Amino acid sequence: MKATSIGRISTFCALLTLSVPSALGHPGHFYSAFHAEDLATAYAHASDEGKLVFAYIKKPGGNDCPYLRWVTPKTQPVLDLLVLETIIVELESDTPGARSFDLTDGHLPAILLLTPAGEVVHRLPGDTPPDACRKILLRELTGPGTIERIQSAFVAMGEDHIFTRERLARAYARNGETDRAISAYKWCVDHTLAQNNASALARRPYLFHALAEFAKISSPGENRSITSAKFVDQQLARIEHVLQYYDDSKLAKDYAELNHVLSQDERTLALFDRMPADFRSRNALFDRIIDQLINAKRYDDVLALITPLEAFRGEVALARRRIAFRAAGDSQATGRGTKFFAMHRGALLAEALIGSQRNAEAEMLLAEMLKFDSSDETIDTLTTRLARVEGGLAALESVEEMSQ
């Protein structure tokens, strides 16, 4: 058993922004031309990888495809599908490749879904809403033709290519071939748990998210001995066994996210309680169990893993950065990097401090919170949380008076 000392978390986060220059591998897969420079390059990669080509054609000097810039909850699903099953290329209508499609300015921008041989599978207006585009893509990516196309990619990519195998598993699931999907997904899990290379580790969160979606289908295999939900439950049990004996923070984080998508954060908390106290990987579960720990008034567990004031300052820095970038769709956003998240996390930590009789630190934290945002919404959040601990409301009232 690997022995490590628990380190305190001073919150850090990576803010992932998607920019798409001429030829890039997308996150989680370092051997795919996610964004091709021209049609010839796109066709070549699509042929090797068993994909279609997504061509966005615009007027000279026109705007780029909106799906590929700021990622929002509305564009994320279609972008994920494009990354999985297409090679993307953006062209101006006066380039040689675009001229072959005989598009007039009145029909631009346009989206063309193409085979690697250049045949038009589907044509859409460039302003097609993302959800409508995704539905059309799914229709074109369901059926035996898609299975054959993905299987052909193993010739160029190799039989052990995890990303292609994951795509095959997803395609089987879309086609309702549960047994084959289970077999392909099991292969993927086996290899991502066994390998430590950068590509496998980076791809694993995406694989786990696919497993969550597969579990929600809960469809039985042909022999009806196992459903997709039961299969995913078995994989979670495998991962739990590993994490009780090996201190692997990256795997722990991926595991916690899979449980979160499945709305079973309580399972993550149960693993947290079973893991050795000196494993740093317990920290990786923190984001998905802090609410449960606070609600159970397990304040010592929380404060053993985090430095409250430093953590809150880190969340504020991320929120300020997001505000500066004015990210699209932020008015309703609640995830990390938003003001909502920073204030919610701060309120939890303030409760933990007061509940542990660390009132001086709590008042410093509350002062910084109100300096960042003293809206009625924030006051209501703090009032609700601090009413749960003796002296909580008095501490809030004291800080409010000093800040006026």
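The values are calculated or read from the model by the stated rules, or taken from the named source; none is laboratory data. Being a predicted model, the structure only gives us computed values, none of them experimental. When we count neighbours, we look across all protein chains shown, and the Cβ atoms used for this are built from the backbone with ideal geometry, even at glycine. Quick note on the areas: whole protein, heavy atoms, side chains included, nothing else; ligands and nucleic acids left out. Shrake-Rupley method; radii C 1.70, N 1.55, O 1.52, S 1.80 Å.
Here are a few things to note about the model shown:
- The combined condition, being closer than 17 Å to L39 by Cβ and touching a helix residue (DSSP H, G or I) at 6+ places or on another chain (Cβ under 8 Å), is fulfilled by L52.
- All of (1) under 19 Å from S47 (Cα atoms); (2) of a type in the set (G, A, S); (3) open to solvent by 10 Å² or more (accessible area, probe 1.4 Å) hold for S183 with one exception: (1).
- The selection criterion, being surrounded by fewer than 19 Cβ atoms within 10 Å (Cβ to Cβ) and assigned to a loop (DSSP other than H, G, I, E, B), holds for Q357.
- For segment 304-314, the count of residues that are within 30 Å of L68 (Cα to Cα) and open to solvent by less than 50 Å² (accessible area, probe 1.4 Å) is at least one.
- K297 touching a residue at least 12 places away in the same chain (Cβ under 8 Å), in contact with a helix residue (DSSP H, G or I) (Cβ under 9 Å, 6 or more places away or on another chain), outside any helix (DSSP H, G or I) and open to solvent by 70 Å² or more (accessible area, probe 1.4 Å): yes
- Filtered residues of segment 28-48 (kept if over 11 Å from F163 (Cα atoms), at pLDDT below 90 and touching a helix residue (DSSP H, G or I) at 6+ places or on another chain (Cβ under 7 Å)): A33, F34, A36, D38
- For T142, the conditions (1) open to solvent by 60 Å² or more (accessible area, probe 1.4 Å); (2) within 24 Å of G176 (Cβ to Cβ); (3) not in a loop (DSSP other than H, G, I, E, B) are fulfilled apart from (3).
- Sole residue being closer than 17 Å to E85 by Cβ, open to solvent by less than 10 Å² (accessible area, probe 1.4 Å) and not acidic (D, E), chosen from A173, A153, A200, A212: A153
- Within segment 360-378, the set of residues being of a type in the set (A, V, I, L, M) and either over 30 Å from the mean Cα position of the chain (by Cα) or outside any helix (DSSP H, G or I) (or both) comprises A360, A362, M364, L366, A367, L370.
- Against the test of being open to solvent by less than 30 Å² (accessible area, probe 1.4 Å) and not in a helix (DSSP H, G or I), the options D247, D278 yield a single qualifying residue, D247.
- Hits in segment 379-404 - residues which are open to solvent by less than 60 Å² (accessible area, probe 1.4 Å), assigned to a helix (DSSP H, G or I) and within 24 Å of A296 (Cβ to Cβ): T381, L382, T383, R385, L386, G392, A395, L396
- Residues in segment 69-108 that are touching a strand residue (DSSP E or B) at 6+ places or on another chain (Cβ under 7 Å) and either in a helix (DSSP H, G or I) or open to solvent by 10 Å² or more (accessible area, probe 1.4 Å) (or both): L82, E85, E90, L91, E92, S93, G97, A98, F101, L103, L108.
- Residue that is most open to solvent (accessible area, probe 1.4 Å) [pool: residues in segment 118-135 that are closer than 22 Å to A46 by Cβ and part of a strand (DSSP E or B)]: R123
- Looking across segment 282-296 at every residue that is polar (S, T, N, Q) and at pLDDT 95 or above, the one that is nearest to the chain's Cα centre (by Cα) is identified as Q292.
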